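One structure is given below, encoded as C-alpha cells.
Quick note: the coordinates plus some simple rules give every number you see, no bench work behind them. The structure displayed is predicted, hence computed values, not measured ones. All Cβ positions, even for glycine, are placed from backbone atoms using ideal geometry, and neighbour counts span all protein chains on display.
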Amino acid sequence: MSMPETRELTFRDAIREALIEEMAAQPEMVIIGEDITPGGGTFGIHAGMAETFGARMFEAPISEASIVGVAVGAAMAGGRAVAEIMYSDFLTVCMDEIVNQAAKMRYMTGGQAEVPLVVRSPIGMTRGIAAQHSQSLEAWFAHIPGLRVAMPASPACAKGLLKTALRGRDPVVFLEHKMLYGTKGPVPAGDHLLPYGQARIVRAGDDITLIATGLTVGWACDAADRLSERGISAEVIDPRTVSPIDWETILDSVRKTSRAVVINEATLTCSVASEIAAGIGESCFAYLDGPVRRVGSPFVPKPSTPGLEKLAYPAVDEIVNQALSLMPRRQGR
Amino acid sequence: MTTNDLSTETLRAMWRDMLRIRAFEQGALYQSTLGKIHGALHSYEGQESCAVGVCAALKPGDYVASTHRGHGHTLAIGATMDRMMAELFGREDGYCRGKGGSLHIADVAAGMLGANGIVGAGYAIAAGAALMQKVKGSDQVALVFFGEGAVTRGTFHEVMNMAALWKLPLVMVCENNEYAQYMHWSQTMVFESIAPLAKGYGTPGITLDGNDIRAVFAAADAAVRRARAGEGPSLIELRTQRFQGHSSGDPQVYRSKEAIADLRRTRDPITRLEAELKAAGALDDADAIRREVEAEVAAAVAFADASPYPATEEVSHHVYA
C-alpha cells in the first residue's frame, strides 16, 4: 500500500477544507453562526466561503440558544446543520438545545427523528481574556448520552474527525483549541475520515502512559521528551474523541506500562481526565505500580493578569513531575 | 379563502376532530386513574378548536413543533389514536416505542416534530425546519404552538427576530390559556396581549378568540399562505382555556371549581360549533358520531393494552444511529 499524499495545512485550514468539501458535496447542509460571513468568523474558519456557499450560510444575530435550536430543527427536517458558537464558553447559553434537544431527540422519539448536527466551538486558553473566554467544558458534553465529543489535537485529526461528524447522523460537539488554529501539520489529501472512539498513539513507549487531550497532547509530547532525557520511555495517547472514549487503546497501554498520568486543560474536578483515571483504576488495578495521576487546571476561574493566569492552567513541568513520582526512585527522584 | 367559505362538510369534520381530541384526552385521563399510564398527562381539553382550526390550514409535508400539552396537536396533524395511546401506556407500538411518553409524543413522518418537555424549545426547532424549506426551495412551512407562558423565554424573542430577518416560512401560534402551570399570566407578565409584540419584529400579529374555529382557521390559513409565498413569519394569539389542571396531578388551588364549571358551560369550543351546526340542521347524526369516536378511543385502549412493553435491551437502543 502506498502512503497517501499529504499536504502541510494549518489546523484552521484543515477545518475549513472539511467544511468546504462537505458543503460542496451536500446540497442540504447549512452553516449558522455569528460573524461567519464578513471575515469568515472570529477565528477566520469560513474565510472565502460565503462567495460560494452564501445562500446556505446564515449570518446569525447574537442568539446562541436559537442558533443551535434552529440548527437542530434544520437537521430534524432533513438537512444537515453546522452551528458555530464563537467561544465554547457561550455554549452554556445553548445547553438546552444541545443537551435536551439535539442529544435526546433520537431516543425520545424512539428512533423516528435524528439530528445530524455539528456544533463547532473554540475552547481553551488564550492570553488574558480571562474567565468567560478560556474554558474547556468538554466534560459537560461527554456526560450526555446521545452526543459525540471530538477534541482534535492536530490538523489531520481536525479534518478527519470533522469530515466524519459531517457524514454521520448524530449530533457532535466539536471542540477546537484556539491555540492550535495556527499550528501546521501533514493532512492526507483526498477524502480523509477518522473514526470516533479510536485513539491515536502519538508516540510509543514502555515505561509510562501519558493520556492527553486537545492542546495538552503537545504538552504530553514535550513531557515525554524530557522524560526520555532521563531514560524514561513514555507512551503518549490522544483519545481524539472524549465521547466515545477508546478504552481498549488506553487500557492496553497501561497494562503494558503499569503507570499512567492523565492530562487535560479543563478544571480537574469532574473532568474527562478524572473519568479516564477512574476507568483505568477500575480495569487495570492489578497492573498498576502506583496510583493513576491526573494533571489539569486548579479549581479556580481563569484570571486575566499574567502572573496569576499561568497558575490557573496545568503546565508541562507538572506532567513531568507527576510522571517522575510514579517511577522507581532511581529514575524518578 | 374567507371565514365564510368553510363548507358544512369541513365544519362537520372539524367538529369531529375536536371531539376526537376531547375523547382521547378524557380516555387517557381515565386510563391514568387505572394505573395504566406511567407519568403525568397534560390535558388539551378545552383548547381543541386551536389545534383543529390551525392544523386544517396545513398540508402534508409541513412541520409542527408542539408543547408539553401536545396530544391535541398530534391528533390534529393526523396521528392515529392507537399508537398514541400505546405511547402513553409505554408500549412498543407507541409512536416513540414508549420511550418518549406523553411529554415527547411525536409522529415525525406526519411532520409532527414532537411535544417538548422544555417550555420555549419549540420556536427554534420549527424555525430550523422552516429554514430548511427555504434552502430546499420548497413551499412547505413550519408552525410552532406555544403557551402564553413561553413568551417570556428569551428564545421567543430570538426566534421572532431571526424568522423576520431571514423571512422564514414560520407560523407562530400562541395558545393563551392564561395559566402557566399554576400561575395566571397577569401575575408574571406585563403584556395585555401577546400579538402586539410581533410589531416590534416587523411581523404581523393578531389576537382572536380561539374558540371561534372559523376565525382560527382563517388566521392560520392567511399566515400559512404568507409563509408559503415567501413573505415571512406571522404571530397568531388564540385566547383559549384549559378545562383540566396543568397536569393530571394539579389540585387547581389557583381557581375555583365554580370557575372551571363556568368555563365548561360558557367557553366550550365543541358545544359552540355543535350548536351552530345543529341549528343549521347539519348535525342530526351527532350521537352516532360520538359513538364512533368513543369506539375509536376504546379500540385505541385495546390496542395499547395488547401491545407489549419494549424488550429490556431497548433501553440502550436509539441513543446513537
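Assuming R0 = 41 Å, can you tell me the calculated FRET efficiency for the pair B:Glu313 and A:Glu8, based on Cβ-Cβ distance, to the nearest 0.05?
0.30
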### Message
Can you compute the modelled spin-label distance between B:Asp209 and B:Ser256, with each label point 7 Å from Cα toward Cβ, in nm?
### Response
2.4
### Query
Taking the Cα-to-Cβ direction at A:Leu308 and at A:Glu282 and moving 7 Å from each Cα, how far apart do the two end points lie in nm?
3.8
#### Entry: Those residues of segment A:66-105 whose amide nitrogen sits under 20 Å from the label point placed on B:Thr152, 7 Å along Cα→Cβ
A:96
### Query
For a paramagnetic label modelled at 7 Å from the Cα of A:Glu28 toward its Cβ, which residues of segment A:67-106 fall within the zone defined by backbone nitrogen distances under 16 Å?
A:71-82
### Message
So for each of A:24-37, B:264-277, A:144-157, B:187-200 I average, over its residues, the number of other beta carbons within 10 Å; can you give me the resulting order with the highest mean first?
### Response
A:144-157, A:24-37, B:264-277, B:187-200
### Query
Going toward the positive end of the dipole of segment A:8-188, with +1 on Lys and Arg Cβ and -1 on Asp and Glu Cβ, which of A:Thr42, A:Val82, A:Phe58 do you reach last?
A:Val82
## Note on the structure
Full extension between A:Asp222 and A:Asn321 adds, at 0.36 nm per residue less the Cα distance, a length in nm of 34.4 nm
### Message
So if each residue of separation counts as 0.36 nm, and I subtract the Cα-Cα distance between B:Arg264 and B:Lys167, what length gain in nm does that give?
### Response
31.0 nm
#### Entry: Cα shape, the protein assembly as shown, gyration tensor, a/c 1.5 rule
prolate
### Message
With only alpha-carbon pairs counted, each pair once and no self-pairs, how large is the Kirkwood hydrodynamic radius of chain A in angstroms?
### Response
20.3
### Query
Can you list the lysines whose alpha carbon is less than 25 Å from that of B:Lys167, not counting same-chain residues fewer than 8 positions off?
B:Lys59, B:Lys134, B:Lys136, B:Lys199
### Sequence-distant residues sharing a close amide H with A:Asp35 (under 5 Å, placed H)
A:Ala60
### Query
Using a basic spin-label model with each label point 7 Å from the Cα along Cα→Cβ, how many nm lie between B:Ser193 and A:Glu229?
7.7
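Kindly state, to the nearest 0.05, the FRET efficiency for B:Glu92 paired with B:Gln181, given R0 = 41 Å and r defined as their beta-carbon distance.
0.80
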### Query
Cα axis of helix A:64-76 to longest principal axis of chain A: angle in degrees, 0 to 90, nearest 10?
70
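What's the extension gain from B:Ala306 to B:Thr80 if we count 0.36 nm per residue and subtract their Cα-Cα distance?
79.8 nm
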### Whole-Hz couplings from phi, Karplus 6.51/-1.76/1.60, listed for segment B:143-158; x for Gly and Pro
9, 10, 8, 7, x, 4, x, 8, 6, 7, 6, x, 4, 4, 6, 4
### Task
Go ahead and estimate [θ] at 222 nm for the protein assembly as shown from helices alone: -39,500 (n - 2.57) per DSSP H run with n ≥ 4, summed, over the residue count, rounded to 500.
-11500 deg cm²/dmol
### Message
Over chain B, with a Gaussian network built from C-alpha contacts below 10 Å, which listed residue (B:Ala288, B:Ala127, B:Ala219) shows the highest mean-square fluctuation?
### Response
B:Ala288
### Whether chain B is rounded, prolate or oblate, judged on the alpha carbon gyration tensor where a/c under 1.5 counts as rounded
rounded
